[in-house]
Amino acid sequence: MKSTVSLIDASVEDPIEPEKEVICDMETFSMVYRAKINRYSKVKCCPPGFWIDCGTFDLAGHLWAISYYPKVIGIPQGVALQIRLLTNITTSLKLKVKVSLIDPSGRRLVVADIRRQIYDKMNDGLKIPFMQKTKLDSSEYVKDDCLTFECIVSVTKWSPAEVVKKKPQSAITFSNTQEDSGEETDFSIISGVTLILD
(Lines give C-alpha, C1' and ligand atoms only; values in the text may rest on other atoms or scores of the structure.)
Protein backbone atom coordinates (compact mmCIF):
# COMPACT_ATOMS: atom_id res chain seq x y z
CA MET A 1 0.00 0.00 0.00
CA LYS A 2 1.38 3.32 -1.01
CA SER A 3 1.55 6.11 1.53
CA THR A 4 1.20 9.82 0.81
CA VAL A 5 3.28 12.68 2.19
CA SER A 6 2.75 16.42 2.37
CA LEU A 7 5.25 18.20 0.13
CA ILE A 8 6.84 21.30 1.69
CA ASP A 9 7.32 24.46 -0.40
CA ALA A 10 10.80 23.99 -1.85
CA SER A 11 11.35 27.75 -2.18
CA VAL A 12 11.44 28.05 1.62
CA GLU A 13 13.60 25.14 2.74
CA ASP A 14 15.64 24.53 -0.42
CA PRO A 15 15.65 27.60 -2.73
CA ILE A 16 16.39 26.90 -6.38
CA GLU A 17 19.72 28.30 -7.51
CA PRO A 18 19.52 29.72 -11.06
CA GLU A 19 21.83 28.28 -13.68
CA LYS A 20 22.06 31.74 -15.27
CA GLU A 21 21.43 35.22 -13.92
CA VAL A 22 21.56 38.47 -15.90
CA ILE A 23 21.15 42.20 -15.26
CA CYS A 24 19.24 44.40 -17.72
CA ASP A 25 19.90 48.14 -17.57
CA MET A 26 19.57 51.30 -19.65
CA GLU A 27 22.31 53.51 -21.07
CA THR A 28 22.16 57.10 -22.35
CA PHE A 29 24.52 58.55 -24.96
CA SER A 30 24.72 62.24 -25.95
CA MET A 31 26.40 64.42 -28.54
CA VAL A 32 26.27 67.91 -30.09
CA TYR A 33 25.83 68.17 -33.86
CA ARG A 34 26.12 71.40 -35.84
CA ALA A 35 25.35 72.05 -39.50
CA LYS A 36 25.70 75.11 -41.73
CA ILE A 37 23.63 75.52 -44.89
CA ASN A 38 25.26 77.80 -47.47
CA ARG A 39 23.37 79.52 -50.32
CA TYR A 40 20.25 79.38 -48.23
CA SER A 41 18.29 81.58 -50.67
CA LYS A 42 18.32 78.74 -53.20
CA VAL A 43 15.91 76.70 -51.08
CA LYS A 44 13.14 79.23 -51.69
CA CYS A 45 12.43 77.67 -55.10
CA CYS A 46 12.34 74.09 -53.80
CA PRO A 47 9.01 72.22 -53.95
CA PRO A 48 7.23 71.00 -50.79
CA GLY A 49 8.77 67.79 -49.48
CA PHE A 50 12.24 68.62 -50.78
CA TRP A 51 14.94 68.05 -48.17
CA ILE A 52 18.60 68.91 -47.71
CA ASP A 53 21.02 66.22 -46.55
CA CYS A 54 22.79 67.60 -43.47
CA GLY A 55 25.00 64.59 -42.87
CA THR A 56 25.13 61.56 -40.60
CA PHE A 57 26.51 60.75 -37.16
CA ASP A 58 27.11 57.70 -34.94
CA LEU A 59 25.47 57.58 -31.53
CA ALA A 60 24.57 54.73 -29.15
CA GLY A 61 26.01 52.21 -31.60
CA HIS A 62 23.71 53.30 -34.44
CA LEU A 63 23.93 55.51 -37.53
CA TRP A 64 21.64 58.54 -37.79
CA ALA A 65 20.92 61.11 -40.51
CA ILE A 66 19.77 64.73 -40.21
CA SER A 67 17.68 66.35 -42.93
CA TYR A 68 16.43 69.92 -43.28
CA TYR A 69 13.01 70.54 -44.87
CA PRO A 70 12.59 74.13 -46.14
CA LYS A 71 8.96 73.37 -47.07
CA VAL A 72 7.06 70.70 -45.16
CA ILE A 73 4.08 68.91 -46.68
CA GLY A 74 1.09 69.39 -44.40
CA ILE A 75 2.64 72.30 -42.51
CA PRO A 76 2.02 75.49 -44.53
CA GLN A 77 4.99 77.85 -44.42
CA GLY A 78 6.73 75.62 -41.89
CA VAL A 79 10.36 74.49 -41.82
CA ALA A 80 11.51 71.34 -40.05
CA LEU A 81 14.33 68.97 -39.22
CA GLN A 82 14.21 65.20 -39.25
CA ILE A 83 16.55 62.78 -37.47
CA ARG A 84 16.27 59.34 -39.05
CA LEU A 85 17.63 56.02 -37.82
CA LEU A 86 19.66 54.30 -40.56
CA THR A 87 20.40 50.95 -38.89
CA ASN A 88 18.31 48.00 -37.77
CA ILE A 89 17.57 47.64 -34.07
CA THR A 90 16.46 44.82 -31.78
CA THR A 91 15.05 47.03 -29.02
CA SER A 92 13.33 50.42 -28.97
CA LEU A 93 15.39 53.60 -28.67
CA LYS A 94 14.31 56.84 -27.00
CA LEU A 95 15.64 60.10 -28.43
CA LYS A 96 15.71 63.58 -26.90
CA VAL A 97 16.81 66.54 -28.99
CA LYS A 98 17.16 70.28 -28.46
CA VAL A 99 17.43 72.35 -31.65
CA SER A 100 18.98 75.83 -31.64
CA LEU A 101 19.63 78.38 -34.36
CA ILE A 102 23.00 80.16 -34.19
CA ASP A 103 23.63 83.68 -35.46
CA PRO A 104 27.03 84.92 -36.75
CA SER A 105 28.00 86.16 -33.26
CA GLY A 106 27.41 82.70 -31.77
CA ARG A 107 24.19 83.56 -29.98
CA ARG A 108 21.72 80.68 -29.80
CA LEU A 109 17.94 80.57 -30.02
CA VAL A 110 16.26 77.33 -28.89
CA VAL A 111 13.49 76.58 -31.39
CA ALA A 112 12.57 72.99 -30.47
CA ASP A 113 12.94 70.80 -27.38
CA ILE A 114 11.70 67.26 -27.98
CA ARG A 115 11.77 65.27 -24.75
CA ARG A 116 10.74 61.90 -26.14
CA GLN A 117 10.73 60.39 -29.61
CA ILE A 118 10.58 56.58 -29.84
CA TYR A 119 12.36 54.64 -32.58
CA ASP A 120 11.12 51.08 -33.16
CA LYS A 121 12.62 50.29 -36.56
CA MET A 122 15.00 51.52 -39.23
CA ASN A 123 13.99 54.78 -41.00
CA ASP A 124 11.91 55.90 -38.04
CA GLY A 125 12.03 59.61 -37.29
CA LEU A 126 9.28 62.22 -37.10
CA LYS A 127 9.74 65.67 -38.61
CA ILE A 128 10.41 68.40 -36.06
CA PRO A 129 8.81 71.69 -37.17
CA PHE A 130 10.45 74.65 -35.46
CA MET A 131 9.57 77.97 -37.14
CA GLN A 132 7.51 79.68 -39.82
CA LYS A 133 9.56 80.09 -42.99
CA THR A 134 8.79 83.80 -43.42
CA LYS A 135 9.85 84.50 -39.84
CA LEU A 136 13.06 82.51 -40.25
CA ASP A 137 14.00 84.11 -43.58
CA SER A 138 13.72 87.61 -42.12
CA SER A 139 15.49 86.79 -38.85
CA GLU A 140 19.05 87.58 -37.81
CA TYR A 141 19.81 83.86 -37.92
CA VAL A 142 19.91 83.90 -41.72
CA LYS A 143 22.96 86.04 -42.52
CA ASP A 144 25.26 86.14 -45.53
CA ASP A 145 22.92 83.65 -47.20
CA CYS A 146 23.72 81.03 -44.53
CA LEU A 147 21.76 79.21 -41.85
CA THR A 148 23.47 77.43 -38.94
CA PHE A 149 21.68 75.14 -36.51
CA GLU A 150 22.79 72.93 -33.63
CA CYS A 151 21.26 69.74 -32.22
CA ILE A 152 21.95 68.37 -28.76
CA VAL A 153 20.94 64.73 -29.13
CA SER A 154 20.55 62.11 -26.40
CA VAL A 155 19.67 58.46 -27.08
CA THR A 156 18.60 56.03 -24.36
CA LYS A 157 18.59 52.30 -25.02
CA TRP A 158 18.55 48.99 -23.20
CA SER A 159 22.06 47.63 -22.96
CA PRO A 160 22.76 43.95 -23.74
CA ALA A 161 21.93 41.71 -20.79
CA GLU A 162 25.01 41.32 -18.58
CA VAL A 163 25.62 37.79 -17.34
CA VAL A 164 26.52 37.93 -13.64
CA LYS A 165 26.21 34.24 -12.84
CA LYS A 166 26.36 31.09 -14.89
CA LYS A 167 26.93 27.48 -13.91
CA PRO A 168 26.65 24.14 -15.72
CA GLN A 169 23.21 22.62 -15.71
CA SER A 170 22.88 19.80 -13.19
CA ALA A 171 21.81 16.34 -14.36
CA ILE A 172 19.22 14.40 -12.36
CA THR A 173 19.62 10.62 -12.28
CA PHE A 174 17.04 8.17 -11.06
CA SER A 175 17.88 5.04 -9.07
CA ASN A 176 16.31 1.98 -10.67
CA THR A 177 16.87 -0.34 -7.71
CA GLN A 178 13.21 -0.54 -6.76
CA GLU A 179 12.10 -0.51 -10.38
CA ASP A 180 14.24 -3.59 -11.09
CA SER A 181 12.74 -5.38 -8.10
CA GLY A 182 9.27 -4.91 -9.50
CA GLU A 183 8.06 -2.62 -6.70
CA GLU A 184 5.83 0.32 -7.65
CA THR A 185 7.59 3.65 -7.17
CA ASP A 186 6.31 7.25 -7.28
CA PHE A 187 8.67 10.10 -8.14
CA SER A 188 8.28 13.77 -7.20
CA ILE A 189 10.98 16.30 -8.16
CA ILE A 190 11.44 19.42 -6.05
CA SER A 191 14.35 21.82 -6.52
CA GLY A 192 16.41 19.28 -8.44
CA VAL A 193 16.10 16.60 -5.70
CA THR A 194 14.39 13.27 -6.34
CA LEU A 195 12.05 12.11 -3.59
CA ILE A 196 10.97 8.48 -3.61
CA LEU A 197 7.55 8.10 -2.05
CA ASP A 198 6.84 4.52 -0.98
**Asked** Among the candidates K143, K133, which residue alone is surrounded by 16 or more Cβ atoms within 10 Å (Cβ to Cβ), under 18 Å from S100 (Cα atoms) and basic (K, R)?
**Response** K133
**Request:** For residues that are part of a helix (DSSP H, G or I) and at pLDDT below 75, tally how many sit in the range 1-41.
**Result:** 4
**Item:** Residue that is in contact with a Gly (Cβ under 7 Å, 6 or more places away or on another chain) and among the basic types (K, R), where the choices are R108, R34, R84, R39
**Value:** R84
**Message:** Restricting to the range 27-61, and then to whatever is in contact with a Leu (Cβ under 9 Å, 6 or more places away or on another chain) and among the polar types (S, T, N, Q), can you tell me which residue is surrounded by the fewest Cβ atoms within 10 Å (Cβ to Cβ)?
**Reply:** N38
**Message:** Quick check on my filter: what residues within the range 18-43 are in contact (Cβ under 8 Å) with a residue 60 or more places away in the chain and of a type in the set (D, E, K, R)?
**Reply:** E19, K20, E21, D25, E27, R34, K36, R39
**Request:** Considering only the range 125-136, state which residues are over 25 Å from the mean Cα position of the chain (by Cα) and either closer than 16 Å to L81 by Cα or free of Cβ contacts under 8 Å to residues at least 24 places away in the same chain (or both).
**Result:** M131, Q132, K133, K135, L136
**Within the range 63-92, considering residues that are under 14 Å from T156 (Cα atoms) and either of a type in the set (D, E) or modelled with pLDDT under 95 (or both), the one surrounded by the most Cβ atoms within 10 Å (Cβ to Cβ)** = I89
**Message:** So M122 ticks every box in (1) without any contact (Cβ under 8 Å) to a residue 60 or more places away in the chain; (2) among the aliphatic types (A, V, I, L, M); (3) assigned to a strand (DSSP E or B) but one. Which box is left unticked?
**Reply:** (3)
**Request:** Filter the range 42-94 for residues that are in contact with a helix residue (DSSP H, G or I) (Cβ under 6 Å, 6 or more places away or on another chain) and in a loop (DSSP other than H, G, I, E, B) and give the result.
**Result:** P70, Q77
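The values are calculated or read from the model by the stated rules, or taken from the named source; none is laboratory data. Fair warning: this is a prediction, and the values are worked out from it, not measured in the lab. Cβ sites come from the backbone with ideal geometry, for glycine too, and all protein chains shown count toward neighbours.
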